[in-house]
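Enquirer: Just passing along the structure, written as structure tokens.
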Amino acid sequence: GTLLKQFCENSKGIRVARRYSSKINKCRVSIVGLGGVGKGLAHLLKMYPANITELRLCNRSDPEGMVQDLSHIPTNVRTLGFAGAETLSEGLRDANMVIVTTGVPRKGDNPREELFEHNANLCRDVISACAKNCPEALLAIVSNPVDSLVPLAAEVLKHHGAYCAGRLFGVCTLDLMRARYFFADAVGLRPEKVYVPVVGGHSEKTMVPLFSRSRPRLLLPRDQILELTQKLRLAGKGIVLAKNGEAGSTWSMASGAWYFVQRLCRAINHAPHVVATAYVESEVNNSRFFSNELLLGPDGVEENLGYGPVSDLEEQLIAEAIIHLQSSISRGKEFVAKFT
Ligand code: LMR
């Protein structure tokens with residue numbers, strides 16, 4: 001393997017560089033779906049491949065033009081295209097990681113949940129193909145509605161005897177990015193210098209920013225917390241409206257997926273202390289799936305870090321989110337039950 005560098009804090013809180021050796025020599029990543037998000041993600045991964053050796057682009061229409069275009073970016077990642085359902089198996093075979101961005105985005109004023117009817121079928125077919133062709137891969141679902149599609153994927157994998165809870169993720173990184181941006185803007189700091197955990201799910205009623213745990217720790221008044229929470233929850237819809245109802249977020253969503261994939265790549269390479277937030281099956285509360293910080297390792301979730309103590313207001317928001325999550329989770333599960 002190659003020698004990689006990671007920065008971490010030593011016991012005195014000083015940032016030091018640590019070197020670690022990557023234990024796997026190949027990392028094959030498949031992106032399924034080349035809409036705005038899939039395309040943006042493919043571009044970012046070709047530009048900044050971390051340890052990715054092969055990037056496979058699987059799409060309904062032929063991605064050859066994009067593959068050739070990307071291949072002129074001189075990084076050491078082989079880019080391959082796979083067109084149509086017939087070649088999907090080949091595009092997934094023995095992949096180490098699959099990023100699912102397939103499906104339609106929101107177009108009008110509707111919530112993400114309304115995409116379920118359309119995207120559930122696509123997600124089921126892609127995940128079945130993953131179960132058959134790359135049962136060991138880490139699977140990251142970006143398509144909406146994440147809150148239902150991840151539980152749906154879990155059921156499909158179980159049906160094929162290929163489910164491992166620690167390997168299936170719903171990508172919620174964009175919520176953390178937005179929370180940083182809104183918080184930084186409100187308190188007059190640079191977005192790169194702040195952090196706000198976001199837990200729950202990825203919908204208007206399920207994402208819960210934990211301002212009580214922000215870094216730096218600045219105590220905001222209740223009204224401002226509620227206002228910022230609402231801003232975060234409506235941010236996705238705001239983009240759809242700003243794009244005149246023609247598309248949802250693409251650049252920010254692709255960047256969020258890219259951040260998450262980078263984390264998974266480090267984890268696959270046995271880097272120490274890889275922490276990321278994602279929506280996974282969990283026991284942190286009575287929602288069967290929940291998003292919060294996770295410690296990642298080569299096989300996916302090594303430890304679910306939960307979310308620790310929160311304020312009374314956050315506890316109330318989490319309790320409300322759980323009710324909505326439970327119904328989204330049942331929806332995903334019931335959809336698969338109809339076909340099995
Ligand atoms: C987002 O948060 O921007 C995405 O989930 C897309 C959407 O429809 O809101």
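Enquirer: If you count the DSSP beta bridges with both ends in the chain, what percent of them are antiparallel, to the nearest 5?
Expert: For the chain, the DSSP antiparallel bridge percentage is about 55.
Enquirer: Ignoring ligands, DNA and RNA, what percent of the 1.4 Å accessible area of the chain is carbon and sulfur? Intermediate values should be presented prior to the final figure.
Expert: Values: 8020 of 15810 Å².
Heavy-atom surface of the chain belonging to carbon and sulfur, 1.4 Å probe: 51 percent.
Enquirer: Given a Förster distance of 35 angstrom, what is the FRET efficiency for His72 paired with Asp94, based on the Cβ-Cβ distance and rounded to 0.05?
Expert: 0.85
Enquirer: While we're looking at this one, here's another question. Using 0.36 nm times the number of residues separating Ser327 and Asn286, minus their current alpha carbon distance, what extension gain do you get?
Expert: 13.5 nm
Enquirer: For the range 180-268, take the convex hull of the Cα atoms, compute a quarter of its surface area, and give me that in nm², please.
Expert: With every direction weighted equally, the projected area is 6.9 nm².
Enquirer: What is the set of long-range amide H partners of Leu80 at a cut-off below 5 Å, with H atoms built 1.01 Å from backbone N?
Expert: Result for Leu80 returns Leu55, Arg56, Leu57.
Enquirer: Where Lys and Arg each count +1 and Asp and Glu each count -1, what net charge lies around Gly36 among other residues with Cβ under 15 Å from its Cβ?
Expert: Values: positive: Lys39, Arg60, Arg106, Lys107, Lys243; negative: Glu246.
Summing Lys and Arg as +1 and Asp and Glu as -1 gives +4.
Enquirer: Shape call for the range 19-170 from the C-alpha gyration tensor, a ≥ b ≥ c root eigenvalues: rounded (a/c under 1.5), prolate (a/b greater than b/c) or oblate?
Expert: Since a/c reaches 1.5 but b/c is at least a/b, the shape of the range 19-170 is classed as oblate.
Enquirer: Sticking with this structure for a sec: In the range 214-340, what is the volume of the convex hull around the alpha carbon atoms, normalised per residue and reported in Å³? Please list the in-between numbers first.
Expert: Values: hull volume 21.6 nm³, N = 127.
Cα-based convex hull of the range 214-340, divided per residue, equals 170 Å³.
Enquirer: Taking a probe of 1.4 Å, how large is the accessible area per residue of the range 96-195, in Å²?
Expert: 36
Enquirer: Grab the DSSP H runs of the chain that are 4 residues or longer, score each as -39,500 (n - 2.57), total them, divide by all residues and round the 222 nm result to the nearest 500 deg cm²/dmol. Can you show the working numbers first?
Expert: Details: 10 runs with 138 residues, N = 340.
Taken over the chain, the calculation gives -13000 deg cm²/dmol.
Enquirer: Which of the helices in the chain, when you take each full DSSP H run, stretch at least 15 Å along the axis at their Cα atoms and have an average Kyte-Doolittle score of 0.5 or higher?
Expert: 36-47, 146-159
Enquirer: In the chain, what is the volume of the convex hull around the alpha carbon atoms, normalised per residue and reported in Å³?
Expert: For the chain, the hull spanned by Cα atoms encloses 138 Å³ per residue.
Enquirer: Tell me, what is the Rg over Rh of the range 92-203, with Rh the Kirkwood radius over Cα pairs?
Expert: 1.06
Enquirer: Could you tell me how far the Cα centroid of the range 190-246 sits from the Cα centroid of the range 249-273, in Å?
Expert: Using only Cα atoms, the two centres lie 20 Å from each other.
The values are calculated or read from the model by the stated rules, or taken from the named source; none is laboratory data. What you see is a predicted model; the values in this text were computed from it and never measured. Here Cβ is always computed from backbone atoms with ideal geometry, including for glycine, and neighbour counts include all displayed protein chains. Heads up: the accessible areas ignore ligands, DNA and RNA and are worked out on the full protein's heavy atoms, side chains in. Shrake-Rupley method; radii C 1.70, N 1.55, O 1.52, S 1.80 Å.
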